[in-house]
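Please read the structure below before turning to the comments.
Bear in mind these aren't lab numbers, they're just calculated from the coordinates by the rules spelled out. As the structure is a prediction and not an experimental result, all values here were calculated from the model. Please note: Cβ atoms are built from the backbone with ideal geometry, for glycine as well, and neighbour counts cover all protein chains shown.
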Amino acid sequence: MDRERFMKLLPWISTPLLLIVTVVIWKLSTTVFEISPFVLPPPEAVAQTLLEFSRQPDTWLVHARITLVETVVGFGFALVTGVMVGAVLGRIFWLELAVRPLVVALQVIPKVALIPLFVIWFGFGITSKVIIAAILAFFPIMLNVLLGVRSVEPGHREVMRSLNANRWQTFSSLDFHSTLPYVFAGMEVGIVLALIGAIVGEYLGGNEGLGYMVVVSLNALDAPRLFAVIILLAGLGWLLFFAVNGIKRLMIPWHESVIETGIS
Amino acid sequence: MPELELVGVEKIFETKRATTHALTTINLTIEREEFIAIIGQSGCGKTTLLRILAGLVKPSEGAVRAEGRSLWDGAVLDTETVNKLGIVFQDPNLFPWYSVEDNIALPLKLRGVDRKTRRARAHELCDLVGLTGFERAYPRELSGGMRQRTAIARALSYRPAVLLLDEPFGALDAMTRERMNLELQSIAAATRATVVLVTHSINEAVFLADRIVLLSPRPGRIRSITRVPFPRPRELDLETQPEFQNIARELRHELDEDA
Ligand SMILES: Nc1ncnc2c1ncn2[C@@H]1O[C@H](COP(=O)(O)OP(=O)(O)OP(=O)(O)O)[C@@H](O)[C@H]1O
Ligand SMILES: [Mg+2]
């Protein structure tokens with residue numbers, strides 16, 4: 001087998017192997033080192049809970065759907081506003097200069113610290129979580145778009161100029177395509193942050209969503225269930241990230257981040 | 001009527017840091033279907049001269065005319081004239097999101113040519129520049145020389161009357177470069193285009209040009225114009241002939257005096 005084929009297959013071999021190793025170490029920790037099952041439940045207990053989940057999916061599916069909706073809607077808002085604000089700030093230099101201190105100040109605020117505020121303002125329902133998800137996802141998208149709008153190659157601009165292209169043509173043939181990879185870079189970070197926002201929001205208020213299930217399991221000191229919900233959350237994050245990644249692959253097949261091997 | 005004309009062209013660049021007198025008293029008349037090479041040491045204003053011909057830079061003084069029409073009316077560029085120019089920059093500047101054929105057909109797309117005609121023309125040009133079979137490839141899948149040929153094909157797509165080339169083969173190895181020189185000669189003959197080629201290779205200039213314009217630096221001005229008498233099509237072994245070498249030696253001598 002040649003090297004290139006091997007490199008392509010490598011992640012598909014290494015990932016299951018690493019998973020198995022993790023589970024083995026996990027199991028050993030519970031048996032050999034005798035860590036309390038309240039702290040670290042044995043893998044089979046977690047598997048048992050997951051099995052129960054799969055037999056009675058009603059409860060967790062409802063919660064998962066709520067977390068999914070919060071994340072996706074929040075992310076959608078962030079995407080639309082992030083692209084618009086990023087594009088405007090990228091194009092209008094004086095405006096960007098004027099709001100830069102504010103943007104930096106907002107950006108360095110640990111935004112999860114604001115979550116209790118949003119819960120007070122927008123209630124314990126889904127709205128406050130959507131807003132939190134949107135705010136967390138907004139910044140990476142906006143900043144990437146801003147950078148992207150400014151990163152159009154001068155040589156490419158000159159080509160369009162030498163061809164007498166008008167504004168719309170320059171946008172549709174050049175700026176749009178040139179900025180798209182930056183939009184997706186922002187989206188890949190943004191979707192993960194949106195999920196984090198939704199979950200932390202659920203931790204702090206309300207009675208629905210997978211984050212809420214985590215809190216309930218914790219209060220009941222039900223470690224296997226806690227682990228199982230965390231695995232569900234990981235699965236949700238994985239699903240969302242690869243949805244964005246898949247759209248990226250479809251939309252910018254020419255880009256460096258898409259070519260080469262599978263996972264990027 | 002001459003195809004291109006520069007009359008008393010001056011160019012002064014003013015930046016915060018410095019004022020550069022890039023070109024002075026440039027008078028040059030380029031006939032239809034003529035092949036002009038511009039040589040001169042680095043920084044002497046070759047690119048600036050080409051960009052002035054292309055309408056990308058406005059001269060500080062003097063006039064640029066194409067077929068007797070002034071390129072600039074005040075600060076307004078005569079776009080109709082610019083549409084007759086094809087430019088190949090030093091860097092191929094292909095759009096990575098377009099395939100080879102879409103890159104080549106980009107100027108046609110901007111002109112509102114329909115998709116079918118565009119594709120047909122792109123394939124025709126791929127044949128001309130030796131890119132057959134790579135129509136659907138992305139630029140990143142091409143070698144440097146192939147990218148440069150794609151850029152040339154893009155400039156040829158709308159059949160420009162004038163082809164302006166800025167060191168298009170500067171980044172290529174000597175062998176590829178010789179092959180590209182032969183191709184450029186045959187493309188120029190086939191399309192009957194007027195060509196202005198900026199190069200830093202004396203041999204390339206002597207091999208390809210009807211006339212060689214030698215620029216002296218600081219400020220850039222025309223030091224000499226050398227006529228190259230060899231008939232066409234020219235073969236590569238021309239370079240071994242004494243007459244070729246005499247012209248090349250004379251040019252090198254002049255360049256050394258500038259340095
Ligand atoms: N946009 C610009 N602004 C300011 N100065 C410029 C600009 N473009 C060129 N110059 C100056 O004009 C002079 C001529 O530059 P030009 O690029 O025409 O040289 P060149 O002959 O093409 O050099 P090379 O062989 O290295 O490409 C240089 O001194 C350069 O610094
Ligand atoms: Mg130059």
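Peptides B:226-238, B:19-31 ranked from most to least packed, by the mean per-residue count of other Cβ atoms within 10 Å: B:19-31, B:226-238. Region A:1-40 has equivalent-ellipsoid semi-axes of 34, 8, 4 Å, by the square roots of 5 times the alpha carbon gyration tensor eigenvalues, sorted largest first.
R0 = 30 Å: FRET efficiency of A:I231 with A:L117, Cβ-based, nearest 0.05?
0.45
Only Lys, Arg, Asp and Glu count, each charged at its Cβ (+1, +1, -1, -1), so figure out the dipole size of region B:61-130 about its Cα centre, rounded to 20 debye.
Details: 10 positive and 11 negative charges, 70 e Å.
Roughly 340 debye, rounded to the nearest 20.
Just name one of B:V88, A:S173, A:F124: the one whose Cα is farthest towards the positive end of the charge dipole of the protein assembly as shown (beta-carbon charges, Lys/Arg +1, Asp/Glu -1). Result: A:F124. Normalised by the number of residues in region B:95-208, the mean separation of alpha-carbon contacts (under 8 Å, six or more apart) gives a relative contact order of 26 percent. With all distinct Cα pairs included, what does the Kirkwood hydrodynamic radius of region B:1-149 come out to in Å, to one decimal, could you say? The answer is 17.6 Å. For region A:42-72 and region B:15-91, what is the centre-to-centre distance using only Cα atoms, to the nearest Å? Region A:42-72 and region B:15-91 have Cα centres spaced 69 Å from each other. Taking 15 Å as the straight-line reach from the Cα of A:K8, the aspartates and glutamates in range (excluding those fewer than 8 positions away in the same chain) are A:E260.
Sequence gap at least 6, Cα distance under 8 Å: using those rules, report the relative contact order of chain B to the nearest whole percent.
Working: 473 pairs, mean separation 65.4, N = 259.
Across chain B, relative contact order equals 25 percent.
Cα-Cα over 20 Å: which of B:K11/B:K58; B:K11/B:K84; B:K11/B:K46?
Working: B:K11/B:K58 8 Å; B:K11/B:K84 23 Å; B:K11/B:K46 12 Å.
Flagged as over cut-off: B:K11/B:K84.
Can you bin region A:1-94 into rounded, prolate or oblate? Criterion: square roots of the alpha carbon gyration tensor eigenvalues sorted a ≥ b ≥ c, rounded for a/c under 1.5, prolate for a/b above b/c, oblate for the rest.
Values: a/c = 2.56, a/b = 1.48, b/c = 1.73.
Because a/c hits 1.5 or more and a/b fails to exceed b/c, region A:1-94 counts as oblate.
Among A:L50, A:L102, A:L221, the largest mean-square fluctuation in a Gaussian network model of chain A (Cα springs under 10 Å) belongs to A:L102. Here's the list of aspartates and glutamates a cross-link from A:K129 could span, going by alpha-carbon distance under 19 Å and ignoring same-chain residues fewer than 8 apart: A:E70, A:E202, A:E208. A simple rule links phi to the HN-Hα coupling: the Karplus curve 6.51 cos²θ - 1.76 cosθ + 1.60 with θ = phi - 60°, which for region B:109-124 gives 4, 5, 8, x, 6, 6, 4, 5, 4, 4, 4, 4, 5, 4, 5, 4 Hz, with x for Gly and Pro. For A:F38, what charge total do you get from the other residues with a beta carbon under 13 Å from its beta carbon, if Lys and Arg give +1 and Asp and Glu give -1? Surrounding charge for A:F38 is -1. Would you look at the GNM of chain A, springs on alpha carbons closer than 10 Å, and say which of A:K111, A:K129, A:K248 moves the most? Per the Cα network of chain A with a 10 Å cutoff, A:K111 tops the list. Overall form of chain B: oblate. Here a/c, set by the Cα gyration tensor axes a ≥ b ≥ c, is 1.5 or more, and a/b is not larger than b/c.
I need the semi-axes of the equivalent ellipsoid of region A:53-258: take the C-alpha gyration tensor, multiply each eigenvalue by 5, square-root it, list largest first in whole angstrom. Don't skip to the end; give the middle numbers.
Numbers: eigenvalues 294, 80, 26 Å².
Semi-axes from the Cα gyration tensor: 38, 20, 11 Å.
Between B:V88 and B:L164, B:L165, B:D166, the built amide H atoms are under 5 Å apart, and every one of these is 5 or more places off in sequence or on another chain. Start at zero, step by 10 Å, and the Cα-Cα distances of the protein assembly as shown spread as 3, 14, 19, 18, 14, 11, 9, 7, 4, 0 percent across the bins. Taking every residue in B:87-98 and counting other chain Cβ atoms within 10 Å of its Cβ, the average works out to 5. Estimated purely from DSSP H runs of n ≥ 4, each contributing -39500 (n - 2.57), the mean residue ellipticity at 222 nm for chain A is -26500 deg cm²/dmol once divided by its residues.
Here the Karplus relation 6.51 cos²θ - 1.76 cosθ + 1.60, evaluated at θ = phi - 60°, turns the backbone of region B:31-37 into coupling constants of 7, 4, 6, 7, 10, 10, 10 Hz, with x for every Gly and Pro.
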